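To keep things clear, I will list the structure first and then write my remarks on it.
Bear in mind that the values in this text are calculations on the coordinates, not laboratory data. Bear in mind that the values here come from a model prediction, so they are computed numbers and not experimental data. As a convention, Cβ positions derive from the backbone with ideal geometry for all residues, glycine included, and neighbour counts pool all protein chains shown.
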């Protein structure tokens, strides 16, 4: 018995030692290090020369004459903060002939803090640039009369994966010996097949050379070149150098996951099912009577559409009913914070923004707005708001940015639009619209309403959306605006007085400060011009 | 008197008629129409040939031999939903040697609704592709031995603005006469200066021809070519064709506003001011005691940092205190809806996500996480969560997408990371982390937490962030997890029971349905593999 027990114990001991030995010598993956420090990358400069080129020594004697009408359209160095001067100061001139006014934005800050603000902004901007620029932004010029054939765009690989590089070839004059080099920085080159008569050196490494005395064989080999990304980054680009004696070419390979779609279920096909496709979103503050009027008017036409309400009133009342979602916020948290909250809760394909003092009528046909977004590439389409006087506004605004230099860019806003939309004669393409619009939920959530804007703000959403929102406006879908006409003899209710205090703050208060201060700091503008 | 009055009336009448005539004939801008209908654009196909090329007639006789080790790395046609088979089924094998399991996602749907779901998904995906692809995605190959010199990337113009096209030249053999054509689709070409000896035709139009008998003069003229975008789109690309006799080249000009920065004020320089830089965000449901423990533990180390709490409990209690923001949601609205709400309210540069049952300790040094994001290009950095047993988890996951065909893509998740970060030996680069992380607020708001995910969900946020979030994980910043160990003899409180019912729903309920159903429909996956 004792010797059996000893044997068993010994067996256990040996097994344990064996297992430990196996685990210890289990091949652990050798991890490489990656440098992610924020510093300017090599060649990350953009050289887009917008100055008219100076003649070099070869063309110095060739006479030329400037064409002012065209040269004046080119961007200048930096932008100037200027409006339109002069004009008659008669009544209604601003209405009939709106003049452009210019607003320098640094005035949002006290003189004492301005230098510090500029320094901080420059530091944040530099970080931002280092994170957002890649080799895909750099200017590359293709050499003429080069025997190299290569892809100039469209080559993409997923991170750490492998692809065949398309389109490589050498179309050289007859020679005894042909040789090409291919190099990359964030990955390695290899061959997916070995072609007879071609010598390959450096396969599996960042720099590979192929050589042969037979040009057709070399070109066949060039059809099997692979690139493998080895340095992980979720969204970047590698610069590949392709060269032969006397000639060089550069092209980039985009490295990234591609855009993952964010699709929404649309409900059964057939007519547009507004309840399945649209959620109504609004923000309210101290105006429960107006809010209830809005809800009642919506229910007359759309009994089952979900209404999301963000509420930062001081003593929130209950707002309930089927398909109503009421969210309570800290008191006075703010206008854009409330807007951002409301849209963050939407689960349908589209979201309809309304103000809490709108009234739906038989002209408020949401199906028409859905039709526009279903059939065009627009991301957002505004409607029209009718005042008690009958005056109907679409508030269309075009927005453009003129690049500045260290002081910041210039933001230009003008009333109007760009084009009429083919097939939708009541609709146009523009950049900003009134606060009654239908939009793709995923795009609005992506742009967002900046919660730093506590009080009066509107176009800031469209400024943040520039380049990502494709905006339209149709004037045949109309919602009514509960009257704002204040008769001098009517006394204001307490809640009206509080509302006014928060909604229309005096000019020198934080609200204006925040709006212009944000344009200055967050978006890096120096000037805003508008008419 | 009467004749004077008549004269005055006549003068007024004439003035009114004049004014009306002027207003009527005021030159109204002629608006052009734009076609925004969703239909496949010309040349929007991507030709990235990942199949190994078949030999053409010229190279049919050249022998070659496949290199399996490399060829096998190339993407196949479509992806297969397979895990790893076999392996010993001993205790702890899944722990020591985690096997990969594969989950087909169409099983989220009843057989009867699957076809309809696939049809709808395909329609939504086609729309999405039409809205997101541009001419900048197409494969372009540069011809060899072409006398044309031209820019292959880096040329950008703001919508409706004008730029000089850089890098154009003709390096031809001596001839009597030289001629080049330049054409665009979304804009017009022109010259900013007229060079002697060069004939220009079609200036101001989409197709322009330059000709000359003197090559140096033609090349000087080519330095003054301008492009003006005339068809408005906020983010697209125009294809420019540049040709001379016998040779053609294509390049694109990107049209867009550029990326408008969204910078945050960081507070005074010096040491990291956590209260100015960080907002803590969390979601709570029926666990006010644990939430209060969290808040008390945070306040021990960070007395003035703002804490944002999204709360969808049935009978919400008041949670108050300085720098506490409490948001009340409709009962049971959901986990990701609450996360999306909380982050939508953050106004600081960084947001720290915590679960409501975490406890801060002296090891929870937020300054260390801020340091990582301030000094690297990471957008998000996870920490570590320590259980009562002492076991500390970082839950690092790598995520990749393998493109499929009509059935959808395959999503692969594996435990682990990509690289160690230089200069931060406790930190690595990965794709998904545990629910304790610091991140750039603007990036997290841009990715968002999909409010359609009501119950159990975690990596869905990182899947939605693929390609836009650069993710890291450091194991030296640790938060404690309030114990989840349930002793069999301890009775559950009522709120614990309700919590469990909502948090851990039975396998066949909506939660699993929604998670896999969303991966199938929203992100267009057919399969998920993980270990």
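A few points about this structure:
- Averaged over peptide B:130-137, the number of partner chain Cβ atoms lying within 10 Å of each residue's Cβ comes to 3.
- Prolate/oblate/rounded label for segment B:179-265 (Cα gyration tensor, a/c 1.5): prolate
- Extents of segment B:382-479, taken as max minus min of Cα coordinates on every principal axis and listed largest first, are 45, 32, 30 Å.
- Cβ-derived FRET efficiency at R0 60 Å, residue B:362 paired with residue B:160, nearest 0.05: 0.55
- A Förster radius of 25 Å combined with the Cβ-Cβ distance from residue A:103 to residue A:389 puts the calculated FRET efficiency at roughly 0.30.
- Stokes-Einstein, applied to the Kirkwood radius of segment B:249-292 over Cα pairs at a viscosity of 0.890 mPa s and 25 °C, places its translational diffusion at 153 µm² s⁻¹.
- In nanometers and ordered shortest first, the copy-to-copy spacing of the residue B:32 label point, defined 7 Å from Cα toward Cβ, is 4.8.
- Helix B:2-25 axis, angle to chain B major axis (alpha carbon atoms, nearest 10°): 70 degrees
- Label geometry 7 Å along the beta-carbon vector: residue B:248 inter-copy distances in nm: 3.1
- Normalised by 2.2 N^0.38 Å, with N the number of residues, the alpha-carbon radius of gyration of the protein assembly as shown equals 1.04.
- Shielding by partners, peptide B:154-165 (average Cβ within 10 angstrom, other chains): 6
- Axis of helix A:494-503 versus longest Cα principal axis of chain A: the two differ by about 40°, to the nearest ten degrees.
- Segment B:59-205, relative contact order in percent, only Cα pairs under 8 angstrom and at least six apart counted: 11 percent
- Taking the DSSP beta bridges with both ends in the protein assembly as shown, the antiparallel portion is around 70 percent.
- Inter-copy label distances at residue B:78 (7 Å, Cα→Cβ; nm, one decimal): 6.2
- Shape summary: chain B maps onto an equivalent ellipsoid whose semi-axes, from the alpha-carbon gyration tensor, are 55, 38, 25 Å in decreasing order.
- Ellipsoid semi-axes in whole angstrom, largest first, where each is sqrt(5λ) of the Cα gyration tensor of segment B:201-358: 61, 20, 11
- Gyration tensor verdict on segment A:280-390 (Cα atoms; rounded if a/c is under 1.5, prolate if a/b is larger than b/c, oblate otherwise): prolate
- Simple spin-label estimate for residue A:132 and residue A:112 in nanometres, 7 Å along Cα-Cβ: 3.3 nm
- As a rough footprinting exposure proxy, the listed residues B:222, A:286, A:9 were ranked by other beta carbons within 10 Å of their own, and the order from fewest upward is A:9, B:222, A:286.
- In this rough spin-label picture, where each label sits 7 Å from Cα along the Cβ direction, the residue B:483-residue A:176 distance is 8.4 nm.
- Pair residue B:304, residue B:420: separation of 7 Å Cα→Cβ label points (nm): 3.9 nm
- Relative contact order (percent, whole number), segment B:162-213, Cα cutoff 8 Å, 6+ residue spacing: 38 percent
- 0 to 90° range, to nearest 10: angle between helix B:510-521 axis and chain B longest Cα axis: 20 degrees
- Relative contact order (%) - criterion: Cα under 8 Å, at least six apart; region: chain A: 15 percent
- Cα centroid of segment B:165-217 to Cα centroid of segment A:424-482, whole Å: 42 Å
- Förster radius 56 Å - calculated FRET efficiency between residue B:33 and residue A:15 (Cβ-Cβ, nearest 0.05): 0.10
- Considered as an equivalent ellipsoid built on the Cα gyration tensor, segment A:325-454 has semi-axes of 24, 23, 16 Å, the largest given first.
- Convex hull volume per residue for segment A:114-244, taking Cα atoms only, in Å³: 120 Å³
- When each of A:79, B:81 is scored by the number of other beta-carbon atoms lying within 10 Å, the sequence from fewest to most is B:81, A:79.
- For peptide B:280-288, the mean count of partner chain Cβ atoms within 10 Å of a residue's Cβ comes to 0.
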